[in-house]
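Everything on this sheet refers to the single structure shown next.
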Amino acid sequence: MTIRNLFIFCLALTLPLVYSMLGGDLPGGNYTMAVLATLVQFVGGSRFMRAAWSAFKHRAANMDTLVAVGTSVAYLYSVWALGFGGEVYFEISSLLITFILLGQWLEELTKGRASKAIEKLLDLQAKEATVIKDGQTVKTPIDQIRAGDIIMVRPGEKIALDGEVIEGSSSVDESMVTGESLPIEKRPGDTVIGATINKTGTFNFRATKVGQDTLLAQIIELVGRAQASRAPIQKYADRISGYFVPTVLILAILTFDVWYLLLGASLSAAMLFAVAVVVIACPCALGLATPTALMVGTGRGAKMGILIKSGEVLEAASDIKYILFDKTGTLTEGKPVVTDLVGDDQPRLVQIAASLEAASEHPLATAILEQAELLQLKTLNVERFTAIEGKGIAAYLDDTEVIIGNRALLKDREIMLPFESEMLGLENQGKTVMVVAQAGDVLGLIAVQDTPKANAASAVTALLQMGLVPAMITGDNEQTARAIAGQIGIKKVVAEVLPGEKAEQVTAFRQRGKVAFVGDGINDAPALAGADLGIAMGSGTDIAIEAGGIVLVKNDLEDVVRAIKLSRKTFARIKLNLFWAIIYNVAGIPIAAGLFVGVGLTLNPAIAGLAMALSSVSVVTSSLLLSRSRI
Amino acid sequence: MNMGQLLVLLGSIILIILIIWWFFAKPAEDAVAAASDGKVQTINITVSGGYTPNRVILNKGVPAKLIFTRQDASSCFEEVVLPDFGIKATLPVNQDYEIEIQPDAAGSYHYTCGMHMFSGEIIVK
């Protein structure tokens with residue numbers, strides 16, 4: 001019989017007992033009550049008896065032990081009283097069993113909801129895809145698709161696997177995997193994520209990751225591991241749980257003795273106090289406090305594209321002081337763009353610069369070529385191209401020398417700079433400034449800079465409001481670093497740090513307080529590992545799942561804020577759950593023992609049992625509320 | 001204090017001593033080694049009022065199958081959690097449930113039920 005049906009069965013048999021308890025007249029009186037209570041005791045209660053006996057044989061005790069002992073004492077006392085003419089308490093044992101079954105039924109329902117995260121992720125998985133083979137489209141089960149297969153996706157269809165678009169374009173809803181609310185445009189060369197939904201167009205993509213290598217499979221694996229992880233705070237509850245039930249049994253015996261032997265209470269009154277002590281104690285509330293909150297917190301994170309890897313991470317996030325950011329690619333876009341043009345004929349300035357840079361592989365060249373493309377300028381043919389190391393480029397255009405470079409190059413060519421003050425101003429802003437000249441005349445200046453991400457400043461502001469101290473670590477020179485940090489609102493800057501030295505800087509900060517490091521999972525792995533909390537920012541399918549305690553599926557700084565908020569809220573919820581579970585038991589047991597009888601505070605054993613049943617449910621409900629809290 | 005009360009007191013003291021002895025003075029159980037054919041090692045663990053055997057010995061580096069058979073319908077034993085191996089599983093009643101682990105590092109690893117009330121130990125040598 002399921003718990004629900006067992007509860008209904010016991011409830012039906014217990015209601016007449018309650019009717020009698022309230023003064024109603026039951027045909028057959030105590031004997032009818034005995035029959036009903038016996039059925040409840042041996043049908044409804046047998047599961048507790050069996051489980052308690054199994055545990056007893058292993059010299060262990062659990063909640064079933066408490067239920068079995070509590071109800072058996074009340075039941076056997078009533079049977080004895082029926083034979084020898086005392087007051088019977090059949091309704092107590094039956095009500096206890098009914099209430100505890102109700103509690104278990106509700107707990108089963110709520111716990112099921114708390115552990116749904118992984119099932120929901122598994123449900124996202126596509127079952128089949130349209131594979132193009134020899135010009136034909138074939139519906140193929142997903143487990144038969146290999147990396148390299150070409151897959152066609154029509155509007156409204158689920159993208160089966162991770163891959164790269166090779167033909168066609170569309171917009172894709174990636175919210176279910178990355179948490180990104182806006183559809184993402186996809187063109188040839190772009191990556192697509194398995195389990196996301198194609199919105200508008202039809203496109204073909206080449207599968208690059210299949211089976212356990214897909215992003216979704218990795219997320220499922222990671223969430224599963226997180227939910228199985230320990231939270232260090234749990235160990236306090238674990239330490240209590242081993243001794244809890246036997247200690248409660250001893251307390252119940254002492255309660256009985258004090259009432260019966262010292263205070264002169266009747267046998268039945270002393271028995272009722274002892275039973276109340278046994279059945280109010282709830283080790284389950286303590287046991288459920290941490291895992292349910294961990295389950296809901298990590299599940300909610302997964303939905304938002306925030307992968308929290310363990311319970312330890314939650315604790316680490318709760319008392320972080322410094323949050324260190326890698327600059328390039330984390331706080332900034334990671335690629336330089338043209339920010340300023342100085343000169344009378346700016347299109348000509350950009351066109352000549354782009355013509356010179358067309359053959360260059362320098363990162364700054366890309367910025368200038370993109371600017372030319374933006375202004376719809378065509379590059380011109382230049383001849384006798386020379387790259388002058390550390391200074392710039394020179395070439396010939398229509399038999400006149402054109403150059404792009406720095407002050408050193410101008411000095412070599414003995415060219416006067418008419419835009420000295422503008423150049424200084426731009427350099428003070430941390431920008432890289434290049435001068436373009438033709439036939440000894442300066443045409444103008446081009447300033448290039450890696451720009452902060454659009455939401456960098458707002459994310460930093462939010463972190464400051466949360467009481468964290470943001471800091472930036474970069475290999476850039478002090479001036480450039482300070483300029484970028486100033487735009488974002490970061491005051492602490494550590495510049496000119498070689499890539500291998502980032503981890504050392506993290507260690508240095510750790511002398512002053514707990515440190516979180518935010519960086520990309522591939523280049524910053526040592527710094528992420530060295531911090532108290534490593535937050536690895538990913539971008540689509542290239543996330544480095546091994547790096548960091550928290551992995552962000554999408555490259556969004558706001559997710560850093562959300563990740564810390566979610567971690568803190570989940571940990572706070574664990575603490576709250578444990579606090580209430582402990583307070584409930586610490587306060588409940590003395591009340592049940594009759595310590596406050598003097599002030600009129602007593603507890604009927606049946607009500608104590610109800611409180612016990614509902615305390616577990618309330619802990620699970622408290623954890624479930626995490627999924628509704630504002631992040 | 002009359003004879004009845006004296007008997008109650010005596011009974012209580014004996015009961016308390018028995019509880020302390022039975023639950024708190026539990027001797028450590030003998031560890032049982034998994035059966036191994038060199039490629040995989042297997043051990044059956046019965047789940048009923050606890051985990052039997054409670055302590056299992058595995059050889060380092062050999063993939064291991066832990067076959068849990070849950071005979072106890074109590075919700076306490078619904079889940080088994082092996083945090084060191086990142087595994088949390090729901091055990092069906094009266095059915096075998098196989099958990100595969102790779103014991104790569106020597107040491108002692110504890111696993112528990114979902115509510116951390118019952119635990120077992122895996123010793124990797």
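The values are calculated or read from the model by the stated rules, or taken from the named source; none is laboratory data. Since this is a predicted model, take the numbers as computed values, not measurements. Glycine also receives a Cβ, built like all others from the backbone with ideal geometry; neighbour counts cover every protein chain displayed.
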If you scan the range B:36-63, which residues turn out to be without any contact (Cβ under 8 Å) to a residue 40 or more places away in the chain and among the hydrophobic types (A, V, I, L, M, F, W, C)?
B:V40, B:I43
Pull up the range B:58-82, narrow it to residues that are over 28 Å from A:R47 (Cβ atoms) and surrounded by 19 or more Cβ atoms within 10 Å (Cβ to Cβ), then point me to the one that is farthest from the chain's Cα centre (by Cα).
B:A64
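Do the conditions hold for A:A353, that is, is it over 53 Å from the mean Cα position of the chain (by Cα) and modelled with pLDDT of 90 or more? Spell out how you get there, then give the answer.
On the way: over 53 Å from the mean Cα position of the chain (by Cα): no; modelled with pLDDT of 90 or more: yes.
Taking the combined requirement at face value, the residue does not satisfy it.
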Look through the range A:303-328, keep the residues that are small (G, A, S) and either surrounded by fewer than 24 Cβ atoms within 10 Å (Cβ to Cβ) or in contact with a Gly (Cβ under 6 Å, 6 or more places away or on another chain) (or both), and return whichever of them is nearest to the other protein chains (Cβ to nearest Cβ).
A:S310
Taking A:D162 as the residue in question, decide whether it is buried (at least 19 other Cβ atoms within 10 Å of the Cβ) and within 11 Å of chain B (Cβ to nearest Cβ).
no
Filtered residues of the range B:101-120 (kept if out of contact with any helix residue (DSSP H, G or I) (no Cβ under 6 Å at 6 or more places or on another chain), surrounded by fewer than 22 Cβ atoms within 10 Å (Cβ to Cβ) and within 14 Å of another protein chain (Cβ to nearest Cβ))
B:Q102, B:H110, B:S119
Qualifying residue in the range A:93-101 (condition: touching a residue at least 60 places away in the same chain (Cβ under 8 Å), within 12 Å of chain B (Cβ to nearest Cβ) and within 36 Å of the chain's Cα centre (by Cα))
yes
Among the candidates A:L375, A:L426, which residue alone is crowded, with 18+ Cβ neighbours inside 10 Å and either polar (S, T, N, Q) or within 47 Å of the chain's Cα centre (by Cα) (or both)?
A:L426
Report whether or not A:T247 is among the polar types (S, T, N, Q), closer than 17 Å to A:L603 by Cα and at pLDDT 90 or above.
no
Say whether the condition of being in a helix (DSSP H, G or I), closer than 30 Å to B:D84 by Cβ, among the hydroxyl-bearing types (S, T, Y) and at pLDDT 90 or above is met by at least one residue in the range A:251-261.
no
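So in the range A:496-518, with the set limited to residues that are assigned to a loop (DSSP other than H, G, I, E, B) and touching a strand residue (DSSP E or B) at 6+ places or on another chain (Cβ under 8 Å), which one is nearest to A:V313 (Cα to Cα)? Spell out how you get there, then give the answer.
First pass over the range A:496-518, keeping only residues assigned to a loop (DSSP other than H, G, I, E, B): A:496-498, A:511-514.
From what is left, the residues that are touching a strand residue (DSSP E or B) at 6+ places or on another chain (Cβ under 8 Å) are A:497, A:512-514.
Working: A:V497: 27, A:R512: 20, A:G513: 16, A:K514: 12 Å.
Within the range A:496-518, the match that is nearest to A:V313 (Cα to Cα) is A:K514.
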The lone exception for A:L254 - which of (1) facing another protein chain (nearest Cβ under 8 Å); (2) closer than 29 Å to B:H110 by Cα; (3) not basic (K, R) it fails
(2)
Taking A:L124, is it within 14 Å of chain B (Cβ to nearest Cβ), in contact (Cβ under 8 Å) with a residue 60 or more places away in the chain and either of a type in the set (F, W, Y) or farther than 30 Å from B:R55 by Cβ (or both)?
no
For the range A:18-50, which positions are in a helix (DSSP H, G or I), of a type outside the set (K, R), surrounded by 19 or more Cβ atoms within 10 Å (Cβ to Cβ) and within 14 Å of chain B (Cβ to nearest Cβ)?
A:G44, A:F48
With respect to A:Y260, is the statement that it is more than 10 Å from chain B (Cβ to nearest Cβ) and not hydrophobic (A, V, I, L, M, F, W, C) true?
no
Being among the basic types (K, R), in contact with a Gly (Cβ under 9 Å, 6 or more places away or on another chain) and surrounded by 12 or more Cβ atoms within 10 Å (Cβ to Cβ): is that true of B:R55 here?
yes
I'd like to check something: does the range A:57-70 contain any residue that is away from every other protein chain (no Cβ under 14 Å), buried (at least 22 other Cβ atoms within 10 Å of the Cβ), within 30 Å of A:Q227 (Cβ to Cβ) and touching a Gly at 6+ places or on another chain (Cβ under 9 Å)?
no
